[in-house]
Amino acid sequence: MYKEIRLAGSGGQGLITAGVILAEAAIAGGHEAVQTQSYGPEARGGASRADVIISDEDILYPKARKFDIFLALTQEAYDKFRADLAPGGLLIIDGDLVDPAGDLDAKSVHITATVRKNFGDRMPPNVMALGVLQGLMPLVSERKLLETIKGRVPPKTVDKNVKAFKLGVKLGKALIDQPAAPSNEADL
Amino acid sequence: MTTPNRIILDKYLRHNKKFPHIWCPGCGIGIVLAALLRAIDRTGWTKDEIVLVSGIGCSSRAPVYVDFNTLHTAHGRALPFATGIKAARPPLKVIVFTGDGDCAAIGGNHLIHACRRNIDVTTVVVNNYIYGMTGGQQSPTTPEGMKATTATRGVIDQPFHIAELAASAGATFAARSTTYHAKELESFILKALEHKGFSLVEAISQAPVCFGRRNGMGDPVEMVKREKELAIPISKTADMTFEEKRDKIVTGIIEEREAKEWTDLYAGVKKTAGEE
Amino acid sequence: MKKKNGQLLQGNEAVVEGALYAGCSFYAGYPITPSTEIAEVLSIKLPERGGTFIQMEDEIASIGACLGASLAGAKSMTATSGPGFSLMQELIGYGVISEIPMVLVNVMRFGPSTGLPTSPSQGDVMQARWGTHGDHPIIVLTADSVPETFEMTVKAFNFSEKYRIPVILLLDEVVGHMREKIVLPAEGEVKVVDRLKPEMPPEWYAPYADTNTGVPPMAAFGDGYRHHVTGLVHDAQGFPTAKPEEVISGMDRLFSKISRGFSEVCLTEELYCEDAKTIILSYGSAARSARDAVETLRADGEKVGLLKLKTLWPFPKAALEKYANSVETIIVAEMNRGQIYREVWRVARGRWQVGKALAPYGNMLTPEMILDVARKVTK
C-alpha cells in the first residue's frame, strides 16, 4: 500500500489531530506512516493542513504531493489543492463549506452541519471526517482507529467522538454507491 | 569575643591564587567583600556548600579571590547561572556578587525575574554608580547630573534604586547600606543569607578613580564620609517626598516578608508529578 | 508503554525521549515555535523522574541556567529556534571555554529575524559553527527522521559529557514537527556516557589540567572539589591567566580534545557511494528528498550515491576524501543558499565538481528539485 492523504481546512477544525490519529492507527496496524503539517501563525482561523502518508515501505519525502485522498473543509483549501488530487483519487468535501462548482469527483458530505446538529457548536468536525473517510475507503482497521481516537481526544470527549466517528462511517458508506453529487446537493 | 577581621579574611581568601587583586586603591569593593565574608562566617556554612557567582565588572572579579565554589560568568548573567545551580541542587547556598551595571543594566531582566520567582539566592550588589572596568561610563544608577565618560555634560537619565526595584519585583528581602556602615552592611548581608527566598543587599560603594575623581568628590576617605552624610535610615523617610529623598542614600531594610520559595514549590511539583 | 509495532512520535517528542534516555535531569527554556513541544513535554516528564524544568525569562537566561545546572552536576538541555539561538550565542562560547557539557537544540526556522515562522529552513548551519565570537571548537549534530532524532539526541548528550563541550542538535522544522514511527530502545540497549568525575583528593584537583584524552575530569559544585570557573582564559586551576605559555596550552587543548575524537564524532551514512560518479550530499529533512532522488536515479541506471551527514561540525571531511578518486561531482542538497555547499567546495580543492540543489525560500527541498540538478550532471 502507498497512500498520500491531505486533510485541509482552517485552524480549529482539528485536522492535525485527525492526521495524527490516522497515522498512529496505521502504525498500530503494522504500516509505516508519516504525518506532517503546515499552518499559519494563528492557532485558530488561519489555513491549516495535515498530510499523512501510509505505506508498507520506508517513506522518504514526507509531504503529500499527488493525493490519493483529499479532504477539503474550506473553500480556500479546495481551491488551493484540488489540482494536486491524483487521477482517480478520492475527494471529500464539506458540502456546506465548499462549492466544488460542478466538480463531478467530489464526494459531498455535510460533516460540520451533522456534527453541530448532534454534538453542538464546540465539537470539531475532525473525527467525524475520519469516519467518513473510513466509510468510503478504509485504510486501516476500524478497531485500531477507534482505539487511537480514544487515546488522542480529550478524555471527557471520548464518548462523543466515538459516536461522531461511527456516524461518519455511516455517512461515508452511504456515499459509496452514489454518484458524486454536484454542489447543490444541499438543496435537494 | 568576635574574631578579628584579619583572621576571618585569612580563612576565606584563596591562598593558591596569586594576589594582588585588580581593584583601584581606595575602592569600596573590598569592604563589601569583607562584609560578605564576615557574614558568611557567622552562618556556620561550610566552604563546600557555598557557591559564589558573579557576572562581569570590577565587583564580579571577587569570586576568584575567595575559597568557595566560585563562578565568574558572562556580563549580566550571574543570576541565570545561579538560578540553574540552585534549581538543580537546592541544598547549595548560592550567593551572587555583582555590580550596578552587571545587575541592573545588562542583567536587569534577569534580576526582576529572579525576584519574581523568589528563588533562594542571595544577591549582593556593589553600587558604585559607574562602570569601573571599562573606565567610568554611566551606569543605570548614576545620579542625574553626574559626569561619566559617556555623559561628560552630565547624566540625563533617571537612576534605578536597586533595592526598591528588587522589592517591587517580588524579592522577599531587600536592604541597602554603605561601605561607611560596614557593620550594618554585614548584618544586612547575614539577614539576607539566612532569609528563605530571594534576597538582595545593595551596598553603596565608592569608586574614587572612575567616579569620584570626575565628579569632584575628593579622595576615598572623603567619598566614604559623603556616604555617611547622605545616608538616612528608612525609618526617618516616611514623610519625605521623592524630591527630598533624591540626593539621599536611604539605608535599612526596604523589604522583609515571608513567601513560598521556588525550590520548595518545585519540590512539591516533583512530589505531585511522581505520584501521578 | 512499549508497543510491538513501534509508536507514532513527533520529532520534538523524540528529542524529549532521547534526552530522558541519556539522563537529562534539567531543562531551562523559553517558548518559541517550532521547538516549543520539547519544553511542554519536558515540563510534564522531568518532575515525574525527579528532574527539574524551569521556564526562564529569555533564551540568554535559559542557556545560563543550563550551564549553571550542569556545573551543579545535572545533565542539562535547552531548546530554541532561530531568534532564540541568536540570543544564546554568547553563552555557547562560555560553555566552550569553561568546558561545561550541555545540549542545545535548535529547531531551525526560516530567517533572518522573525522570518517565516514554522516554515522550514536549514539557514543556521554556519551560525551553529561560528555564531559565538572567537575561534572555538564545536560539535553540531543533525537528524533526518524521528528515530534518528532520538539517536542523535542521545549522542549529543554523550559527546557533551565525554568531551566537556556544549553540543548543538540542529534540527529543521520538518523533522521537529513530523510524526513517524519509532521503536524506542530498552534501557541499556543504547550506550549512555556520563562525565568523568575526579577521584583524586580535592587538594590535587585541577579542573582544567591536561589528561591523556585532553578532557579533564569534572567535579560538580558541592562535591567537595572547590574550584573556580571563568570565561576568561585560565590556567589548569581555572584561574585567569594571560601568560602566553598558559594561553597556548589551554586553548590548544580545547581544540585538540575534539580533534582527537573526530573519528567518533564525525558521523555520516552512505548509500551506493562505492561506484558513484555523482554523490548527493545532504542532511536533515533534505536528506530524505535526496535519498528519494538517488533511488530514482539508480532505478534509471545512473551511478549516483547518497552521502548523508549526521554530524555537521566538525565537518566530516574524511567521508568525502574517501571518494576523492572516484567521484566526479558532489551535489549538495540543502535548504539554504549554500552553507554546506561552500564547505564541500573548500574540501574539494578542484578534485571534483561541486553542484547545488537548494531550497532557500522556506519550502522543503523536493526530490524533483534535486533530480533536476542531478540529471543535468549525469546526462
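The values are calculated or read from the model by the stated rules, or taken from the named source; none is laboratory data. Worth saying up front: this structure is predicted, and the values here are computed from it rather than measured. Quick reminder, even Gly has a Cβ in these numbers, built from the backbone with ideal geometry, and neighbours come from all protein chains shown. Side chains are part of the model used for accessible areas, which takes the heavy atoms of the whole protein and leaves out ligands, DNA and RNA. Shrake-Rupley method; radii C 1.70, N 1.55, O 1.52, S 1.80 Å.
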Of (1) hydrophobic (A, V, I, L, M, F, W, C); (2) open to solvent by 10 Å² or more (accessible area, probe 1.4 Å); (3) outside any helix (DSSP H, G or I), C:Ala79 fails just (2)
Which residues, taken from the stretch B:235-258, are outside any strand (DSSP E or B) and surrounded by 15 or more Cβ atoms within 10 Å (Cβ to Cβ)? B:Thr237
May I ask you to say which residue of B:Gly84, B:Gly76, B:Gly132 is surrounded by 24 or more Cβ atoms within 10 Å (Cβ to Cβ), in contact (Cβ under 8 Å) with a residue 60 or more places away in the chain and touching a helix residue (DSSP H, G or I) at 6+ places or on another chain (Cβ under 9 Å)? B:Gly132
Between B:Gly218, B:Gly170, B:Gly197, B:Gly252, which is of a type in the set (Gly, Ala, Ser) and farther than 30 Å from B:Thr83 by Cβ? B:Gly218
Taking the stretch A:54-81 as the region of interest, how many residues are β-branched (Val, Ile, Thr) and either without any contact (Cβ under 8 Å) to a residue 60 or more places away in the chain or within 12 Å of chain C (Cβ to nearest Cβ) (or both)? 2
Subset of the stretch C:220-231 [open to solvent by 40 Å² or more (accessible area, probe 1.4 Å) and either more than 7 Å from every other protein chain (Cβ to nearest Cβ) or free of Cβ contacts under 8 Å to residues at least 24 places away in the same chain (or both)]: C:Asp223
I want to confirm something. Restricting to the stretch B:56-97 and keeping residues that are in a helix (DSSP H, G or I), of a type in the set (Gly, Ala, Ser) and within 19 Å of C:His227 (Cβ to Cβ), which single residue is farthest from the chain's Cα centre (by Cα)? B:Ala88
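Yes/no per residue for (1) more than 12 Å from chain B (Cβ to nearest Cβ); (2) of a type in the set (D, E, K, R):
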position: C:Met88; (1), (2): no, no
position: C:Ile92; (1), (2): no, no
position: C:Ser98; (1), (2): no, no
position: C:Pro101; (1), (2): yes, no
position: C:Ser113; (1), (2): yes, no
position: C:Arg129; (1), (2): yes, yes
Which number in (1) more than 11 Å from chain B (Cβ to nearest Cβ); (2) out of contact with any Pro (no Cβ under 8 Å at 6 or more places or on another chain) marks the one condition that C:Ala14 misses? (2)
If only one of C:Gly188, C:Gly123 is under 18 Å from C:Ala286 (Cβ atoms) and small (Gly, Ala, Ser), which one is it? C:Gly123
For C:Gly261: the one exception among (1) within 14 Å of chain A (Cβ to nearest Cβ); (2) in contact with a Lys or Arg (Cβ under 9 Å, 6 or more places away or on another chain); (3) within 22 Å of C:Leu312 (Cα to Cα): (1)
The one condition C:Phe255 fails out of (1) open to solvent by less than 80 Å² (accessible area, probe 1.4 Å); (2) more than 11 Å from chain B (Cβ to nearest Cβ); (3) touching a Ser or Thr at 6+ places or on another chain (Cβ under 8 Å) is (3)
Quick check on this structure: which one of B:Glu229, B:Glu276 is in contact with a helix residue (DSSP H, G or I) (Cβ under 9 Å, 6 or more places away or on another chain) and surrounded by fewer than 17 Cβ atoms within 10 Å (Cβ to Cβ)? B:Glu276
In the stretch C:54-76, which residues are open to solvent by less than 10 Å² (accessible area, probe 1.4 Å) and of a type in the set (Val, Ile, Thr)? C:Ile54, C:Ile63
B:Lys183 meets each of (1) open to solvent by 50 Å² or more (accessible area, probe 1.4 Å); (2) outside any helix (DSSP H, G or I) with one exception, condition (2)
Restricting attention to the stretch B:259-272, report how many residues are open to solvent by 60 Å² or more (accessible area, probe 1.4 Å) and closer than 12 Å to B:Phe198 by Cβ. 1
Residue count, the stretch C:63-75 (criterion: closer than 14 Å to B:His110 by Cα and either more than 8 Å from chain B (Cβ to nearest Cβ) or within 18 Å of the chain's Cα centre (by Cα) (or both)): 1
Give the residue, chosen from C:Val344, C:Val327, that is in a loop (DSSP other than H, G, I, E, B) and of a type in the set (Val, Ile, Thr). C:Val327
Just for the stretch B:87-99: of the residues that are buried (at least 24 other Cβ atoms within 10 Å of the Cβ) and more than 7 Å from chain C (Cβ to nearest Cβ), which one is nearest to B:Thr141 (Cα to Cα)? B:Gly99
Is it the case that some residue within the stretch C:348-367 is within 14 Å of chain A (Cβ to nearest Cβ) and among the polar types (S, T, N, Q)? yes
For the stretch C:110-123, how many residues are of a type outside the set (Gly, Ala, Ser), assigned to a loop (DSSP other than H, G, I, E, B) and open to solvent by 20 Å² or more (accessible area, probe 1.4 Å)? 4
How do the strands (runs of 3 or more DSSP E) wholly within the stretch C:125-212 filter down when requiring 3 or more residues that are open to solvent by 10 Å² or more (accessible area, probe 1.4 Å) and in contact with a Gly (Cβ under 9 Å, 6 or more places away or on another chain): which remain? C:179-182
Scanning the stretch B:137-168 for residues that are outside any loop (DSSP other than H, G, I, E, B) and touching a Lys or Arg at 6+ places or on another chain (Cβ under 6 Å) gives B:Ala163
Please tell me if C:Cys266 is open to solvent by less than 40 Å² (accessible area, probe 1.4 Å), more than 14 Å from every other protein chain (Cβ to nearest Cβ), farther than 14 Å from C:Trp313 by Cα and not aliphatic (A, V, I, L, M). no
Please determine, by comparing only the residues of the stretch C:330-341 that are outside any helix (DSSP H, G or I) and either among the aliphatic types (A, V, I, L, M) or over 23 Å from C:Glu274 (Cα atoms) (or both), which one is most open to solvent (accessible area, probe 1.4 Å). C:Arg337
Could you pull out every one of the strands (runs of 3 or more DSSP E) wholly within the stretch C:220-289 that has 1 or more residues that are more than 25 Å from the chain's Cα centre (by Cα)? C:228-230, C:278-283
For the stretch A:143-169, which positions are under 20 Å from A:Ile92 (Cβ atoms) and either open to solvent by 70 Å² or more (accessible area, probe 1.4 Å) or part of a loop (DSSP other than H, G, I, E, B) (or both)? A:Lys163, A:Lys166
Hey, among the residues in the stretch C:33-50 that are part of a loop (DSSP other than H, G, I, E, B) and crowded, with 22+ Cβ neighbours inside 10 Å, which one's nearest to the other protein chains (Cβ to nearest Cβ)? C:Pro34
